[in-house]
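Colleague: Here it is: the structure, laid out below.
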Amino acid sequence: MAAISVFDIFKVGVGPSSSHTLGPWKAATDFTGTLAELSFDRIKVDLYGSLSKTGRGHCTDLAVQLGLNGYAPEIIDTDLIPMIIQNIADEQLLVVKGLRIVFDPVRDVIFHPHSDPNHPNTLAFTAYLDGLPVHSETYYSLGGGFIQRAGEEDEEIGQDKSLPYPIELAEELFTYTQSQNCHISDIVLANERKLQSLADVKSELSTIYQTMLACVYRGCTTDGILPGGLNVKRRAKKLCNELLGDVPFRDLEEWMDLIEEQKPDFNRVSRWVSCFALAVNEENAALGRVVTSPTNGAAGVIPAVMLYAYFFAGHNTTAEMHRFLLTAGEIGSIFKKGATISAAVGGCQAEIGVSSAMAAAGLTEVMGGTPAQSLMAAEIAMEHHLGLTCDPIGGLVQIPCIERNAMGAIKAITAAQLALSGDPKSALVNLDVVVKTMWDTAQAMNSKYKETSEGGLAINLTVVYPEC
């Protein structure tokens, strides 16, 4: 059984897509590591399936250039990305493992019209010397920034079967909590401590939370038009200013203080939740720094629900934020193991649906719910996302993706409230059934509704062909 860490589900990266941007970026980085002492003077990148059909809108071509050139998505200055890409195009050069090679993005990144039968998100890298291929690797981008090199196992940490609490099914997780008389987060923390020290776990959880918070703040303080050609206006800043009454603030701390002073009536709270979610995914669409939760396209749901707990539900301690992330992360790993977190494989139910289920479980735990109620909340949230298609207009993670994060956050809160007032013993549907049903639905879904922009909204609205 694969050991998927919370920090595999939550990855710091760059927008707009975990499967189409972050995954190919990581694949490019991995490919450079396979070149070893080889001599080469050219690299070609072939994109297939969904990576080809929506790759331009998702900036796949830019991501592979950045990865080949040695930039890390976790630390790159996102403000410099346009300049870096422009320099590559102007100079037609890449620096790969210290070697300067000729690289023409138009010639050397090829968008193929057909799919690879092994996976809808397939890309291949080939190194050449004097016009002859000397080395190649094929990768599958599995969603959530996970990648798999063809012929090898899924990229999951360690394949460690000796965790104290190995988990594949929600029922197993629940059984552990009952035998140990503890919360879901306690079980997850025990597993994480097998992988690294308690201090490191807490440090990484804090980094994830702080990165999410910084992303919300950037989105709430930035306006303008999102890139890509759809001319989508940012809305989070305007909504934030309306909610604060245009009261000035100088930094993140003052902004948080102002929100805490807000009267928590239903209308205001729901608008804030939407504002938080919009803020994250507007940043994501603009190649900003986000945390996969479990994907980039669904990155706004969990921060929005966490900040709901922080500002409006009285759960604002570091320990509670950590418990939220631990619980949510385990739910995400259950969906990854039992179904998928890739929209190219399962439609948007695999992204917004999973993120909403994760957020619902995390919120239920910090609000005092039992493990059974947390799992019930996850089930409710996913049950009402089953069948959700992925049909991004213009291949961009903007319409309907940005608003869907707000809807997913609101559904998560509602699911948590229903679970907290319900009796899991009387529930007819459990989380494992929903995971299986989601996977069945994913396999039956028409491919044109799986992040190809070949169905739904994407073909019923005429748009200018996007340039990332």
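Colleague: Using the structure shown, decide if GLY70 is assigned by TED's automatic domain parsing to the domain that holds ALA124 and in a loop (DSSP other than H, G, I, E, B).
Modeller: Numbers: assigned by TED's automatic domain parsing to the domain that holds ALA124: yes; in a loop (DSSP other than H, G, I, E, B): yes.
Yes; evaluated as a whole, the condition is true for this residue.
Colleague: Counting just the residues of segment 5-46 that are in contact with a strand residue (DSSP E or B) (Cβ under 9 Å, 6 or more places away or on another chain) and among the β-branched types (Val, Ile, Thr), which one comes out surrounded by the fewest Cβ atoms within 10 Å (Cβ to Cβ)?
Modeller: It comes out as THR34.
Colleague: Here is a follow-up. Of the conditions (1) under 22 Å from GLU91 (Cβ atoms); (2) part of a loop (DSSP other than H, G, I, E, B), ARG107 fails just one. Which one is it?
Modeller: Of everything listed in (1) under 22 Å from GLU91 (Cβ atoms); (2) part of a loop (DSSP other than H, G, I, E, B), ARG107 misses just condition (2).
Colleague: Still on this structure, please answer the following. Write out, first by first residue and then by second, each pair whose Cβ atoms fall under 7 Å of each other, whose residues are 6+ apart or on separate chains, and whose first residue, in segment 397-416, is in the same structural domain as VAL354 (by TED's automatic domain parsing) and buried (at least 24 other Cβ atoms within 10 Å of the Cβ) while the second is aromatic (Phe, Trp, Tyr) and not in a loop (DSSP other than H, G, I, E, B).
Modeller: Close Cβ pairs satisfying both conditions: ILE413/TYR308.
Colleague: Let me ask you something else. Among the residues of segment 110-130, what is the count of those that are in a loop (DSSP other than H, G, I, E, B) and either among the aliphatic types (A, V, I, L, M) or closer than 22 Å to GLY55 by Cα (or both)?
Modeller: Going through segment 110-130 one residue at a time, the tally reaches 7.
Colleague: Right, here's the next one. Taking only segment 213-231 into account, find how many residues are surrounded by 19 or more Cβ atoms within 10 Å (Cβ to Cβ), of a type in the set (Val, Ile, Thr) and under 21 Å from GLY394 (Cβ atoms).
Modeller: 0
The values are calculated or read from the model by the stated rules, or taken from the named source; none is laboratory data. Predicted model only: the values in this text are computed from it and were never measured. Heads up, the Cβs are rebuilt from the backbone with ideal geometry, glycines too, and the neighbour counts pull from every protein chain shown.
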